Each structure stands twice: as C-alpha cells, then as structure tokens.
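Everything below concerns the one structure shown next.
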Amino acid sequence: MRLQRLPESFYHQQTLDLARAMLGKILIKETAVGTAAGRIVETEAYIGPGDQAAHSYGNRRTKRTEVMFGPPGHVYTYVMHTHCLFNVVSGREGRPEAVLVRAVEPYLGKELMYERRGLHHKETNLTSGPGKLTKALGITMEDYGLPVYQSVPFIAEGSSPENISEGTRIGIPNSGEAKDFPWRFWETDNPFVSRGR
DNA sequence: ATCGGGATACGCT
DNA sequence: GCGTATCCCGATT
C-alpha cells in the first residue's frame with residue numbers, strides 16, 4: 001500500500017477527536033539507515049492549560065513546551081530520563097495541547113526495529129510503550145518542532161481500528177483530578193497496546 | 001516490587 | 001548549584 005501523507009487540515013480538530021482519529025494511522029520515520037513505520041494503536045490527549053497532567057498546565061511556557069503553543073501538526077518530543085517521547089501538537093495557535101503516541105504496531109522495517117531495540121525482544125515488546133516506539137522508529141529530539149504534514153517523521157493514512165477503548169492515562173498519579181480523565185485511547189484487544197487491553 | 005538513569009524544569013540555598 | 005519530580009524502561013530482587 002502506498003503511504004499517503006495526511007494533510008495539515010487533519011490536525012485541525014479537537015484534541016480528543018484527534019487522539020481517536022490518529023488510531024490506525026501510520027507513523028513513519030525515514031533515516032539514512034532505512035525506514036521504519038508503525039501503525040498507531042494507543043494515544044493520550046493532553047489538554048493544557050487546564051490539564052494538570054500536561055507540561056503546558058497553567059500555560060507554562062518554556063523552551064521545552066514552546067512548540068505546544070504553536071499551530072497544530074508539529075512534533076513535540078521531550079526527554080524523560082533516558083527516553084524520548086513523541087507527541088503531535090494539536091489545538092489552535094496559542095492553545096498548548098498535544099496527543100502523545102503511546103504504542104504502535106510494527107508495520108515497516110521490523111528488522112531495523114530489532115537492531116535498534118535489541119534482538120532478544122519479543123515482537124510485542126518492540127513498540128508497546130512511548131519510549132520503546134521512539135527508539136524503534138529512530139525518533140529523537142532532532143525531530144522537535146518539525147511539521148508532520150510536510151517533513152519527516154510523518155503520519156500517513158492507515159486502516160481504521162476495529163473498536164476503540166478508552167480509559168485513564170498512564171503515569172500521572174500526582175495530577176489531581178486530571179488523573180481520572182478518560183483521555184487514553186487504544187484499539188481494543190490489540191496486542192501492541194502498552195497496557196490495559 | 002523496586003530501583004536507577006543519558007534530560008528538563010522548578011524552587012530553594 | 002542542589003534536591004526533587006517527571007506523560008518510562010530495563011535489569012534486578
């Protein structure tokens with residue numbers, strides 16, 4: 001199947017809608033050593049400034065969060081400890097919102113993913129987590145700020161999920177009321193989802 | 001179940 | 001500067 005890049009207009013929708021709409025799409029990163037791609041199977045919405053779990057909570061604007069305040073469709077990568085996490089900015093300019101990609105299902109370049117992640121992994125362990133998939137796909141801080149509708153990495157049309165489940169987000173125990181918001185979405189029963197299938 | 005860690009940001013000293 | 005927390009992972013108990 002030819003990978004058809006999604007247009008800028010795709011990113012102009014409500015963040016919760018975008019988080020659902022991104023399920024089933026293909027995330028592609030082409031590099032000098034080859035191309036790797038995964039089908040998105042799990043996402044989370046972060047809707048600052050009212051979302052205590054978001055980096056942009058309270059309109060906190062720093063060098064790190066700056067891109068979230070710009071127009072939608074740009075890459076927001078950030079590093080937590082040793083891991084790089086990949087988000088797509090959503091929300092109109094001035095609204096610091098984003099969708100975190102938490103898991104993908106290997107689609108292209110599986111060999112490359114094994115090289116990057118280590119050969120001893122089970123396939124379901126290659127990309128079933130936000131830090132794992134960036135390593136497998138080769139996404140780094142160099143991608144920060146790039147427009148996914150006309151750059152690399154990019155997102156392409158894929159295949160719609162059979163069913164979508166939703167639940168609370170992962171790893172945000174100290175976020176007050178926000179920790180209970182059902183802003184995580186995943187393809188029901190997909191084995192590559194990070195948890196909570 | 002626990003722990004440490006390559007980055008970033010904050011509040012305090 | 002340092003201590004602490006963070007949208008996590010992997011190795012170890």
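Panel order for A:22, A:113, by other beta carbons found within 10 Å of each beta carbon, from fewest to most: A:22, A:113. Subtracting the Cα-Cα distance of residue A:164 and residue A:5 from their residue separation scaled by 0.36 nm leaves 55.0 nm. For the stretch A:73-130, trypsin sites (Lys or Arg not before Pro) are listed when DSSP marks them as loop and at most 10 other Cβ atoms sit within 10 Å of their Cβ; the list is A:92, A:122.
Spatially close Lys pairs in chain A, defined by Cα atoms under 25 Å apart and a spacing of eight or more places or different chains, total 17. Separation of the stretch A:4-72 from the stretch A:104-120 is 22 Å, based on Cα centroids.
For chain A, a crude dipole built from +1 on the beta carbon of Lys and Arg and -1 on the beta carbon of Asp and Glu, taken about the Cα centre, is about 380 debye to the nearest 20. Over chain A, the reciprocal of the mean inverse Cα-Cα separation, the Kirkwood hydrodynamic radius, stands at 16.5 Å. In the elastic network of chain A, a GNM with C-alpha springs shorter than 10 Å, the most mobile of A:51, A:17, A:143 is A:17. Toward the positive end of the charge dipole of chain A, with +1 on the Cβ of Lys and Arg and -1 on the Cβ of Asp and Glu, the farthest Cα among A:137, A:79, A:54 is that of A:79.
Each value in this text was obtained by applying a stated rule to the coordinates, not by laboratory testing. None of the values given here were measured: they were computed from a predicted structure. Glycine gets a Cβ as well: all are built from the backbone with ideal geometry, and neighbour counts include every protein chain shown.
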